[in-house]
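A quick write-up on the structure given underneath.
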Amino acid sequence: MTIEAEILKALIEHDHFNDEGSMAEGIARRAIDKGYDSLTAKQQAVLDPHLKMSCPGVSDPGENHNECPRLIDGAELLSAIQASSYYGEILCEHCREESDAYTAHWQRIQAE
């Protein structure tokens, strides 16, 4: 399975297309079954925005947002989608690590 198909499958499993209507999800299912390259240019254009996403970034405990500039795609996007249930959104690896550091720091403070 290609990385595009894996990403689309993960997006479906995480209900990403619920707000998009059934057309995008239907095209994604076709890409999974028949291959992304089997889609028409118009069908690919519907799915392309879902294969690259801007990281929304994270805020530190003081509510200072890191304004993450990263674009997530490929294997990193697949990993971010799979981790989104834990983090609540699709974050780049850097922001997931930053969020984990804030959580660990908060747990140390609470333990004291």
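Bear in mind that the values in this text are calculations on the coordinates, not laboratory data. Since the model is a prediction, treat every value here as computed from it, not as a measurement. Don't worry about glycine lacking a Cβ; one is built from the backbone with ideal geometry, like all the others, and counts go over all protein chains shown.
Quick notes
- When the alpha-carbon atoms of the range 55-112 are used, the pair Rg, Dmax equals 12.2, 41 angstrom.
- One chain, two ends: residue 67 and residue 34. Fully extended at 0.36 nm per residue, the span grows by 8.1 nm beyond their Cα-Cα distance.
- Shape of the range 1-52, Cα gyration tensor, a/c cut at 1.5: oblate
- Remark on the chain: 95 stand apart, with no other cysteine beta carbon under 4.7 Å.
- Cα-centre dipole for the chain with unit charges at Cβ (Lys and Arg positive, Asp and Glu negative), debye to 20: 400
- 222 nm mean residue ellipticity, helices alone, for the chain (DSSP H n ≥ 4; -39,500 (n - 2.57); rounded to 500): -19500 deg cm²/dmol
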